[in-house]
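Each remark here refers to the structure printed beneath this line.
The values are calculated or read from the model by the stated rules, or taken from the named source; none is laboratory data. What you are looking at is a predicted structure, and each value in this text was computed from that prediction instead of being measured. FYI the Cβ positions are ideal-geometry reconstructions off the backbone, even for glycines, and counts take in every protein chain you see. To get the accessible areas, we keep the full protein, side chains included, count just its heavy atoms, and leave off ligands, DNA and RNA. Shrake-Rupley method; radii C 1.70, N 1.55, O 1.52, S 1.80 Å.
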Amino acid sequence: TPCLQRTAGSSSDGTADSDDSGDHEKTDSSHSEASQRNNTRLTRASLRLSQSSQVVQNTSETVHFYTLWIKYVLKDESPPRTPTGNAPSSESDIDISSPNASHDESVTKDQKDSGSDPSRRPKRRRFHESYNFNMKCPTPGCNSLGHLTGKHERHFSISGCPLYHNLSVDECKVKAIEREKQEEERSQGQNEENRHATRHQAPTQRQVRYKEKVVEMRKRRDSGLTKDQKEKYMEHRQTHGTTREPLLENITSDYDLELFRKAQARAAEDLEKLRLQGQITEGSNMIKTILFGRYELDTWYHSPYPEEYARLGRLYICEFCLKYMKSQTILRRHMAKCVWKHPPGDEVYRKGAISVFEVDGKKNKFWRCNLCLLAKLFLDHKTLYYDVEPFLFYVMTEADNTGCHLVGYFSKEKNSFLNYNVSCILTMPQYMRQGYGKMLIDFSYLLSKVEERVGSPERPLSDLGLISYRSYWKEVLLRYMYNFKGKEISIKEISQETAVNPVDIVSTLQSLQMLKYWKGKHLVLKRQDLIDEWKAKETKRGNNNKTIDPSSLKWTPPKGT
């Protein structure tokens, strides 16, 4: 066809070229119009590019000025000139906390001289990283140098301040070296012992020597402070007040004081790790004290209260409904209209002024969450605050003419596959060391007896909780031994009668050195000296109200939970 011939022979056929000349003219005119439009676009793009380059240049000048001003603030250099050529009148002229100022990296003379060689460039740091040295320890007269652990060059909190603990930086380093040596000797001693030595109930020779050494060190403790020492301690207290730790020498034995110093160093190291990880900041986002009823309580641990409340440092809590507030005025107004006088649950136990309320986690979730947040202020191992539905709470109170005041509580799972009878247990600080902790533990085992189960607390236990449980297990076993009249005793029978887990019974017998392995059998020894000592304490204690009476319990195990 003509179209095919024209297309195929356009390069060699002269007739085809002449016939297409009109088409070429039209094509040339269209190309010229397109080129004009492209030139117009390029002109506009170049105009925008020039404008943006001017903005970038102004921005770079501003950023460079921010950098110079930061160097002036930190290094006391001469004040720089603003992009307009004038020096700022005050620090308020520059917003150092702006994103450009806090995240842009400064360009120093060394960087310019080094060029593009990466090996010669100085290490870059963000502004907030180089600004940390402006932080200062709150202890008066402290230069923030050293650390209580002896492992860090600086500190920014009281917990790691050597001056607050009446120590020097060099003394902290020496004590750190001594602690490391003791730890190495201890690990070497454990490695040298037979790995099966834990099966033998008798203490090893190394443990016996260490016990004798501790007893001898405690015997050398002074009977009391001399007059000069008392005057020195009083003078130290009057001079420094609460800004320094009281002098502790000669108050107890050197061994116990060294244990206390080790605990302080370990706690300071843990706080330093949390601070470096950003999980906690000393002095902020941590409630220091709470006003709870008639008491003002110092907190022990961090609790995840809302940030607006945690920043206050002091919290006001209603002791009946556990609502937390920001000021005493709000608390006073709340108490005038609060209708709660006891926990929102069923009273399952009452003897005298002591009552126990059973609170279901499904009902009134607001009160349970507030209870968990309050408990976290005094417990280290606690992770659940809001998921409280699978738990039952048993709250112990002491009643007077104003209401039932919170003494303590423990929680337990409704369906525990490992037969835990306690998930979390707490005695409020104002009621500690008065026998209420053992009452809570005894009540938990009383519920296990009614359920015809063997119970045990959920691990890990807190330090105070572990001490309380060991003391309770010891008292239960010695009472059982005192009342036992037979010749052969069985751990299984003890567990069934006391509802204590056999593992806890065995560990307690081992600590009392009442369990021996002889001729392939484990024998339980009845140590009369320990039983007589326990009986003497019981007689001296007399009849008090700090015991649980099983006849006062009005409770049936919940069904269908």
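Roughly how many Å² of K438 are accessible to a 1.4 Å probe, to the nearest 10? K438 exposes around 70 Å² with every protein chain in place. Once all protein chains are placed together, T252 keeps about 50 Å² accessible to a 1.4 angstrom probe.
Taking all protein chains together, H240, H155 sort by accessible area into H240, H155, largest first [probe 1.4 Å].
For L418 and H381, the difference between the fully extended length at 0.36 nm per residue and the C-alpha to C-alpha distance is 11.4 nm.
Taking 0.36 nm per residue of sequence separation and removing the Cα-Cα distance, the E180/A536 pair yields an extension gain of 123.9 nm. Sorted largest first by accessible area at a 1.4 angstrom probe radius, with every protein chain in place, the residues V356, V215 fall in the order V215, V356. Residues T397, T204, T243, ordered by accessible area of protein heavy atoms at a 1.4 angstrom probe radius and largest first, appear as T243, T204, T397.
For the charge dipole of segment 341-552, defined by +1 on Lys and Arg C-beta atoms and -1 on Asp and Glu C-beta atoms about the Cα centroid, which residue among G352, G403, Y436 has the Cα displaced farthest towards the positive pole? After comparing all options, I get Y436.
What's the magnitude of the charge dipole for segment 284-340 around its Cα centre, counting Lys and Arg as +1 and Asp and Glu as -1 at the beta-carbon? Answer in Debye, nearest 20. Could the numbers behind the result be given before it?
Working: 9 positive and 5 negative charges, 54 e Å.
Roughly 260 debye for segment 284-340.
Tell me, what is the FRET efficiency for V215 and Q238 to the nearest 0.05, using R0 = 41 angstrom and their Cβ-Cβ distance as r? Taking R0 as 41 Å, the efficiency between V215 and Q238 is 0.65. In the context of the full set of protein chains, segment 341-552 has a per residue accessible area of 53 Å² (1.4 Å probe).
Where nothing but the Cβ of Lys and Arg (+1) and of Asp and Glu (-1) is charged, how large is the charge dipole of segment 488-561 around its Cα centre, in debye to the nearest 20? Show your work: numbers first, answer last.
Values: 13 positive and 9 negative charges, 14 e Å.
Once rounded to the nearest 20, the dipole reads 60 debye.
Along the axis of the charge dipole computed for segment 341-552 (Cβ charges of +1 for Lys and Arg, -1 for Asp and Glu, origin at the Cα centre), the listed residues L464, L523, S448 are led at the positive end by L523. Distance cut-off 22 Å, Cα to Cα: go down the list K492/K516; K211/K516; K151/K376; K516/K537; K516/K540; K351/K376 and report the pairs above it. Beyond 22 Å between Cα atoms: K151/K376; K516/K537; K516/K540; K351/K376.
With both partners inside segment 284-340, how many of the DSSP beta bridges are antiparallel, as a percent to the nearest 5? About 60 percent, rounded to the nearest 5.
Shown for segment 341-552: the carbon plus sulfur share of the solvent-accessible area, taken with all protein chains present and a 1.4 angstrom probe, equals 50%.
Using a 1.4 Å probe, what is the accessible area per residue for segment 284-340, in Å²? If you can, show how the numbers build up before the last one.
Values: 3250 Å² over 57 residues.
Ligands and nucleic acids excluded, the result is 57 Å² per residue.
Heavy-atom accessible surface of M217, to the nearest 10 Å², is about 50 Å², with a 1.4 Å probe and all protein chains retained.
Dipole orientation for segment 284-340: of the candidates G313, L291, A336, A336 has the Cα lying most toward the positive pole (charges on Cβ; Lys, Arg +1; Asp, Glu -1).
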